Each structure stands twice: as structure tokens, then as C-alpha cells.
Amino acid sequence: MTELEMMQALQTQLLAEVWPGGSDPVFPSGSVVITAGMERRALEGLRPPILLMSPGNAVNDPDDPNLVEVTLDMVLAVAVPGDALGQNALVGANRVDATLSGGAGLLLVQERMHSGIGKFTRVNGVAIHNVAAGRVKAEVDSEDTYIARRGYQFKATVSQVT
């Protein structure tokens, strides 16, 4: 699997990830995006939860010139209204149904993200593993809703050619 194939397969898998016990997707259509930049502007116009994926550094495998270890940077963002301190955006609140994304906090959506990524193994072409998670960052939008986001870094070894 090449880097392009991995990114596209990962995007497809994450958009297909559903809440346990239900059939509703964790990520709304169009909210898992392969992007060249991780600026705040990239989040505008998307319905949360949102996952931005960007290819990072790549290092050639010294033992096999056809393989490359790639870094995949991701930013997960959620927005949950209803409190002045941002707790809802982290742990969730006001969920009317545990099989829907509405009201799900960053830490819960993060579990579903890892579940989707964990479905990639060497058996199906590439193993993707998490190497770092950044500090949670928060901001308040114009409607006083906390937006929590967190960056992640994953690594995978892929083929340079198909």
C-alpha cells in the first residue's frame, strides 16, 4: 500500500466508523479531510466532530529501497455547547443518544478514531501506530461554544510504488 492509498483508505474507514450499538457514523460526511495544512481556517464550514489528516515526514527504509516510513499528522476537533469552562467539549454532554455524535466529547470521539485506525494491520496492507498525542487546545467560538482540539502523530511503513 502506498502513502496515497493509505491516506484514502484511512479516510474511507474513518468516515465508515459507527457508534457501538448503532449505525450512525462517528464523523459526518465530509468531516474527515486530507489536507496540506492544519490551520484553524481548515475547520471552518465543517460539521464536528472533525478530523484533519496531513502527510508528514517520510524516511526511506535502509534495508528496502521500496519502503518508506511515513508520519501522518492528525487534528481532531469537537464542539459541545453548554458550559463556560470547556468540560463538555472534553467529556461530552447533552447526548440524546449514545449512538449519535451530537454531544460526544473529544475523549470519546478519540476512542472511536483509534478504533478505526486500529483496523489497519499488516494483514490488510499497512499497520498504523500512534506515536504521540499533543496537549488539548481549546477556544471559544462566536456563539460561546467551546471547541476542543488535539493533535496526533501516527507512523506507518508503506510502499513507494504500487
For the range 3-159, the Kirkwood Rh over every pair of distinct alpha carbons, in Å, works out to 16.2
Once the Cα atoms of helix 3-16 and of the chain are each reduced to a long axis, what angle between those two axes, in degrees from 0 to 90 to the nearest 10, is obtained?
-> 30
Describe numerically, in nm with one decimal, the distance between label points set 7 Å from Cα along Cα→Cβ at Asp83 and at Thr2.
-> 4.6
Length-normalised contact order of the range 74-120, Cα under 8 Å, at least 6 apart, in percent, tallies to 33
Counting helices only, and only those DSSP H runs with n ≥ 4, report the 222 nm mean residue ellipticity of the chain as the sum of -39,500 (n - 2.57) divided by its residues, in deg cm²/dmol to the nearest 500.
-> -5500 deg cm²/dmol
Which of Arg150, Arg122, Arg112 moves the most in a Gaussian network model of the chain with Cα springs under 10 Å?
-> Arg122
Once both axes come from the Cα atoms, what is the angle between helix 106-117 and the longest principal axis of the chain, in degrees from 0 to 90, rounded to 10?
-> 30
Between Leu107 and Thr71, the two model label points (7 Å from Cα along the beta-carbon direction) sit apart by a distance in nm of 2.8
Mean separation of Cα contacts under 8 Å (6+ apart) over length of the chain, as relative contact order % | 26
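Just so you know, all these numbers are worked out from the coordinates, no wet-lab data involved. Everything numeric here is computed off the predicted structure, so don't read it as measured data. No Cβ is skipped: glycine too gets one built from the backbone with ideal geometry, and neighbour counts run over all protein chains shown.
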